[in-house]
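Colleague: Would you mind keeping the following structure in view while I ask a few things?
The values are calculated or read from the model by the stated rules, or taken from the named source; none is laboratory data. Predicted, not measured: the structure shown is a model, and the values here were computed from it. Backbone-built Cβ (ideal geometry, glycine too); neighbour counts: all protein chains shown.
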Amino acid sequence: MNSSLLPISLPPRYISFLPRFSKLASVSIFSNMMVPLAGIFDTAFLGHLADIRHLAGVILASILFDYLYRILKFFRNGTNALTAQAVGKDDHKEILLAVLRSGLVALAIALGILILQYPIQKLGFAILSGSPDIESFGIDYYNARIWGAPAVLLNFVLIGWFLGREMNSWVLAISLVGNGSNVIMDYLMINRFGWESMGAGLATTLSQYLAFLVALVGVCLSIEWKKLPEASKEVLAREALKSTVVLKGNILTRYVAMITAYSIFTNLSAAMGTEFIAKNGLLLQIVLLSQFTVNGIGLTTQTLIGNFKGKGETDQMMPLLSVSIFTSLMIASLFAAVSIFFPETVFGLLTSHTSVSQSAGEYTIWLLPLLTCGASAFMLEGYVIGLKESAKLRNSALFALGLGFIPLAATAWYFQSNHLLWLSLTFYMAALLISLGVQVPGIQHNQNLQLQAQASK
């Protein structure tokens, strides 16, 4: 990263982390971008079919996978935080225990999802709003994609572990194989085989297992086998396992709150009509692409903050946070600007239904405040998770959902206003940003006091 692009107030002694930041952020950004890009290809393939109900059905069914998969990304973040601090302390056994404990919990939850897949489907589609034909296409997608649960959750764990160890090449390989194969299989199963909604779900499932195979190879080549027997005996140690579950549980609450907001948003869009869910779904693809991209920087922040914590280098935390926020704001603003100034080009790539793409352009103005508030909030989340201050993250997320989003979303539904609906999502991000931001000075002060106490011993 060119230092001339960074805030000029940073003292030279604080930018020693920039080479690591640039290298890790580049890989994390690319890795994260591959996830929504694959979703955008799903949307593009389905959006160009003659019957738009396939697209609407998949968008509706994706709400369930937002709950089942995106909220379970706490495995990635939690494993990353635990691993990064262990790396900072140079504790090789704890590095191994981080992946073993997380993998065990992830596998148990994944098997539970498979066992309960039918009740989850019935309950989920009973809550969601959509016409019977749209729900039918959504169920086809759900039934094919649900079988990827074990691979998805274990991939979260292993990617978090590799990121915490700054093993960038393996993260890149997992993302390339998983998401690249998804695009290829989307083309084959949707366009060539004519499997439509079911084909989109099956393509995603198979690609996740291919990614998991790559991740397993990475584990086998990098694991310290001589420490495995000793570490295995401590995997179920009560206090350590409890600490891991608490950390991941608080991060889980954050994901539940955020995905609840997006799910209510999508569900209200569907209740307003097929055209509303279609055009809001197109806009959400841009939102997700931007947020996944800046979350790559957030993961980098989380990794380095955890590493600094392990080494006791608290003086580098605030400069790192400044660089992260500055960089993420640039990226988010770029995504918003392209969509605002070139809406027909952007949405024309996603669907051939011009009425939908043109009407979606009416709401692009909301992307600027939504994406920039979200970008800053995600950097603060990376800071908080890296320090394992997960309770503060949990409380901020619940505050943003309860006071920032729900009142405006209810108002939007009452007035049947799509603009108010987008305002509610923007207020969620703004509330999250404010709640986290006011806590950062106190958290940093406590970190400095802890370092001073350790130094005086």
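Colleague: Only residues in segment 311-326 that are within 15 Å of THR372 (Cα to Cα) count as the first member; pair them with residues that are of a type in the set (Val, Ile, Thr), Cβ under 7 angstrom, at least 6 apart or cross-chain, and list the lot.
Modeller: Correct list of pairs: SER324/ILE297; SER324/THR301.
Colleague: Looking at ASP133, ASP140 in this structure, which one is surrounded by fewer than 18 Cβ atoms within 10 Å (Cβ to Cβ), part of a helix (DSSP H, G or I), charged (D, E, K, R) and touching a helix residue (DSSP H, G or I) at 6+ places or on another chain (Cβ under 7 Å)?
Modeller: ASP133
Colleague: Can I ask one more? Name, by its number, the condition in (1) over 30 Å from LEU320 (Cβ atoms); (2) crowded, with 16+ Cβ neighbours inside 10 Å; (3) at pLDDT 95 or above that does not hold for THR364.
Modeller: Here THR364 clears every test but (3).
Colleague: Moving on to the next point. Scan segment 167-174 and give yes if some residue there is closer than 14 Å to LEU46 by Cβ, part of a helix (DSSP H, G or I) and either of a type in the set (Ser, Thr, Tyr) or in contact (Cβ under 8 Å) with a residue 60 or more places away in the chain (or both), otherwise no.
Modeller: Of all residues in segment 167-174, those closer than 14 Å to LEU46 by Cβ come to none.
Within segment 167-174 (the criterion being closer than 14 Å to LEU46 by Cβ, part of a helix (DSSP H, G or I) and either of a type in the set (Ser, Thr, Tyr) or in contact (Cβ under 8 Å) with a residue 60 or more places away in the chain (or both)), the answer is no, since none of the residues qualifies.
Colleague: Looking for whichever is in a helix (DSSP H, G or I) and free of Cβ contacts under 8 Å to residues at least 12 places away in the same chain here; the options are GLY194, GLY180, GLY112, GLY160. Which one fits? Give the steps one after another, and end with the answer.
Modeller: Working: GLY194 fails: in a helix (DSSP H, G or I); GLY180 fails: free of Cβ contacts under 8 Å to residues at least 12 places away in the same chain; GLY160 fails: free of Cβ contacts under 8 Å to residues at least 12 places away in the same chain.
Of the residues listed, the single one that is in a helix (DSSP H, G or I) and free of Cβ contacts under 8 Å to residues at least 12 places away in the same chain is GLY112.
Colleague: Being within 30 Å of GLY404 (Cβ to Cβ), buried (at least 20 other Cβ atoms within 10 Å of the Cβ) and among the aromatic types (Phe, Trp, Tyr) is the requirement here; does PHE265 meet it?
Modeller: Numbers: within 30 Å of GLY404 (Cβ to Cβ): yes; buried (at least 20 other Cβ atoms within 10 Å of the Cβ): yes; among the aromatic types (Phe, Trp, Tyr): yes.
It is true that PHE265 is within 30 Å of GLY404 (Cβ to Cβ), buried (at least 20 other Cβ atoms within 10 Å of the Cβ) and among the aromatic types (Phe, Trp, Tyr).
Colleague: On to the next question. Taking SER328, is it closer than 22 Å to GLN444 by Cα, among the hydroxyl-bearing types (Ser, Thr, Tyr), touching a Pro at 6+ places or on another chain (Cβ under 8 Å) and at pLDDT 85 or above? Lay out the reasoning, then the answer.
Modeller: On the way: closer than 22 Å to GLN444 by Cα: yes; among the hydroxyl-bearing types (Ser, Thr, Tyr): yes; touching a Pro at 6+ places or on another chain (Cβ under 8 Å): no; at pLDDT 85 or above: yes.
Here the answer is no, as SER328 does not meet what is asked.
Colleague: State whether the residues of segment 101-118 include one that is under 30 Å from GLU275 (Cα atoms) and of a type outside the set (S, T, N, Q).
Modeller: The first filter runs over segment 101-118 and keeps only residues under 30 Å from GLU275 (Cα atoms), leaving 117-118.
Now drop any that are not of a type outside the set (S, T, N, Q), which leaves 118.
Yes - at least one qualifying residue is present in segment 101-118.
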